[in-house]
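Trainee: The structure that follows is given in the form of structure tokens.
The values are calculated or read from the model by the stated rules, or taken from the named source; none is laboratory data. Please read these numbers as outputs of a predicted model, since none were measured by experiment. All Cβ positions, even for glycine, are placed from backbone atoms using ideal geometry, and neighbour counts span all protein chains on display. Just so you know, the surface numbers come from the protein's heavy atoms only, side chains and all, with ligands and any DNA or RNA stripped out. Shrake-Rupley method; radii C 1.70, N 1.55, O 1.52, S 1.80 Å.
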Amino acid sequence: MRGDIGPDTVDGVGGGDGGRLLSIGAFARAARLSPKALRLYGELGLLPPAQVDPANGYRRYTLAQLERARLVAWLRRLGMPLARIRDVCELAPGPAAEAVAAYWARVETDTAARRELAAFLVDHLKGKDATMTKAKAQAKAQAQTKVESETQAQAGVGEARAASGLGIRYAALSDTGLVRASNQDTAYAGDRLLAVADGFGGAGASAGAAAVEALRGLEDFDGGTLRPGDLLNALADAAGQANRSVGEVVAAAAGRGEEAGACAGSDLGSGAGPAGTTLTAMLWTGSHLALVHVGDSRAYLLRGGELFQITHDHTHVQSLVEEGRLTPAEAESHPQRALLIRALDGSADFAPEVGLREARPGDRYLLCSDGLSAVVPSDAVRDVLGVASDPGRAVRDLVALAHDAGAPDNVSCVVADVSAIVEPDVSDVASAVNPDVSATG
């Protein structure tokens, strides 16, 4: 790299070749970093100067340090945290390239999740703006006539009813499968909370159960009174508590020597390692479904006959697909397709994917562990969801599909249908309460 740094462009001090010393200003210009950044990187041990003058404190750098400095600058432009940059700089070129690719795959996954949230917020705020515009029009009408005011007020109430007139029907089923000796999955469905957790490691079953149990407090949560951002924050906080609960399980298992047990599902890292769990959960608010997701369990939406996967797999293989290094077809048979890059295991860098989806009558949601998605094609899943008469039938038929495919892993499914609440006719209610009352004239 000496060819692009000549004596006419860099104010050097000292001898030649790679050992030539550059002032901090000259080195900063060559590396396209600011002197302030160089001082920070030196303090962090990321890019220490080759020499510090004991008399005046002047920092000197060598030409040989330019390659590392430029790598640091490029990684900072990617937004990579300094701690991770330090790790990457210590790696050989091949592993460093893999580390950068894995980091960027995670960034793209997070960006995709935020894109969905941004789209929702745009729609939400547009709707809010329309509501405010309508309110202004109503206020103007009130100044004109009382009759118009009352008419508009009645219309506003009707819209509130329509917005809240949705309900869900749900069912959950968890099955050991045909190969595993025990079931480390947890599936839960309640009036507000839907959840699937796929535990792994010696204490995987306890980890999955602890994660879902930590979220069950949301059953009493009134999300309808919160703004979307506050709702997602509440869900993320609950997921953080779930992660801490799993951490307690992991620590207890480590004390008993169980953490290195045979994995019954996905692995985090290589080989048999510490216990943990995936988590995919949705919180019903009455008009929206808030989503939290970590790992390779999945959430799907069937809408208008089309099946959409609305979560991203946090796996090594999926990151290779996103990098273009594997095709989706190759990923399906990859030997490391269950290798997780994110899970609940009690670690401090826990980062859940959250999102918010507007509910529509006729929507059918599916949460499932990879015991279903890894062995049953999405077309077959769509066909079952499209014809099953109710959520209970749907979960039973999906588990049966997994059995037909050999069910090598535990299989868990939660299905929820969104439907409009139809208020019974007053005369029908009267007839039901008092059989002597006739509904006919």
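Every residue, every condition in (1) in contact with a strand residue (DSSP E or B) (Cβ under 7 Å, 6 or more places away or on another chain); (2) outside any strand (DSSP E or B); (3) under 18 Å from ALA102 (Cβ atoms); (4) open to solvent by 60 Å² or more (accessible area, probe 1.4 Å), yes or no:
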| residue | (1), (2), (3), (4) |
| --- | --- |
| VAL292 | yes, no, no, no |
| ASP296 | yes, yes, yes, no |
| LEU302 | yes, no, no, no |
| PHE308 | yes, no, no, yes |
| THR311 | yes, yes, no, no |
| LEU320 | no, yes, yes, no |
| LEU326 | no, yes, yes, no |
| ALA329 | no, yes, no, yes |
| GLN336 | no, yes, yes, yes |
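Trainee: Mind checking which residues of segment 190-211 are within 16 Å of LEU173 (Cα to Cα) and in a helix (DSSP H, G or I)?
Mentor: Within segment 190-211, ALA205, GLY208, ALA209 meet the criteria.
Trainee: Hey, can you tell me all the residues within segment 355-370 that are open to solvent by 40 Å² or more (accessible area, probe 1.4 Å) and in a strand (DSSP E or B)?
Mentor: Hits for segment 355-370 are ARG357, GLU358.
Trainee: May I ask you to verify whether THR62 is at pLDDT 85 or above, surrounded by 13 or more Cβ atoms within 10 Å (Cβ to Cβ) and among the polar types (S, T, N, Q)?
Mentor: yes
Trainee: Out of everything in segment 275-289 that is touching a helix residue (DSSP H, G or I) at 6+ places or on another chain (Cβ under 6 Å) and surrounded by 24 or more Cβ atoms within 10 Å (Cβ to Cβ), what residue ends up being farthest from LEU366 (Cα to Cα)?
Mentor: ALA275
Trainee: Now for a different question. For segment 50-65, enumerate the residues that are of a type outside the set (Phe, Trp, Tyr) and out of contact with any helix residue (DSSP H, G or I) (no Cβ under 6 Å at 6 or more places or on another chain).
Mentor: ALA50, GLN51, VAL52, ASP53, PRO54, ALA55, ASN56, GLY57, ARG60, GLN65
Trainee: Of everything in segment 345-354, what is aliphatic (A, V, I, L, M) and open to solvent by 90 Å² or more (accessible area, probe 1.4 Å)? Give them in sequence order.
Mentor: Hit for segment 345-354 is ALA348, nothing else.
Trainee: Does segment 77-89 contain at least one residue that is more than 28 Å from the chain's Cα centre (by Cα) and either of a type in the set (Lys, Arg) or open to solvent by 60 Å² or more (accessible area, probe 1.4 Å) (or both)?
Mentor: no
Trainee: Now for a different question. Suppose we filter VAL395, VAL414, VAL387 for residues that are modelled with pLDDT of 95 or more, of a type in the set (A, V, I, L, M, F, W, C), open to solvent by 20 Å² or more (accessible area, probe 1.4 Å) and more than 24 Å from PRO335 (Cα to Cα); which single one remains?
Mentor: Being modelled with pLDDT of 95 or more, of a type in the set (A, V, I, L, M, F, W, C), open to solvent by 20 Å² or more (accessible area, probe 1.4 Å) and more than 24 Å from PRO335 (Cα to Cα) holds for just one of VAL395, VAL414, VAL387, which is VAL387.
Trainee: A further question follows. So is ARG342 within 26 Å of GLU248 (Cβ to Cβ), open to solvent by 10 Å² or more (accessible area, probe 1.4 Å) and of a type in the set (Lys, Arg) or not?
Mentor: Against the criterion (within 26 Å of GLU248 (Cβ to Cβ), open to solvent by 10 Å² or more (accessible area, probe 1.4 Å) and of a type in the set (Lys, Arg)), ARG342 qualifies.
Trainee: Exactly one condition in (1) at pLDDT 85 or above; (2) open to solvent by 80 Å² or more (accessible area, probe 1.4 Å); (3) among the β-branched types (Val, Ile, Thr) is false for VAL72; which is it?
Mentor: (2)
Trainee: Could you run through segment 381-392 and say how many residues are more than 19 Å from TYR188 (Cβ to Cβ) and more than 25 Å from the chain's Cα centre (by Cα)?
Mentor: The number of residues fulfilling the criteria is 6.
Trainee: Answer yes or no as to whether ASP123 is within 30 Å of ARG364 (Cα to Cα), surrounded by fewer than 11 Cβ atoms within 10 Å (Cβ to Cβ), acidic (Asp, Glu) and at pLDDT below 80. Give the steps one after another, and end with the answer.
Mentor: Working: within 30 Å of ARG364 (Cα to Cα): yes; surrounded by fewer than 11 Cβ atoms within 10 Å (Cβ to Cβ): no; acidic (Asp, Glu): yes; at pLDDT below 80: yes.
No, not satisfied.
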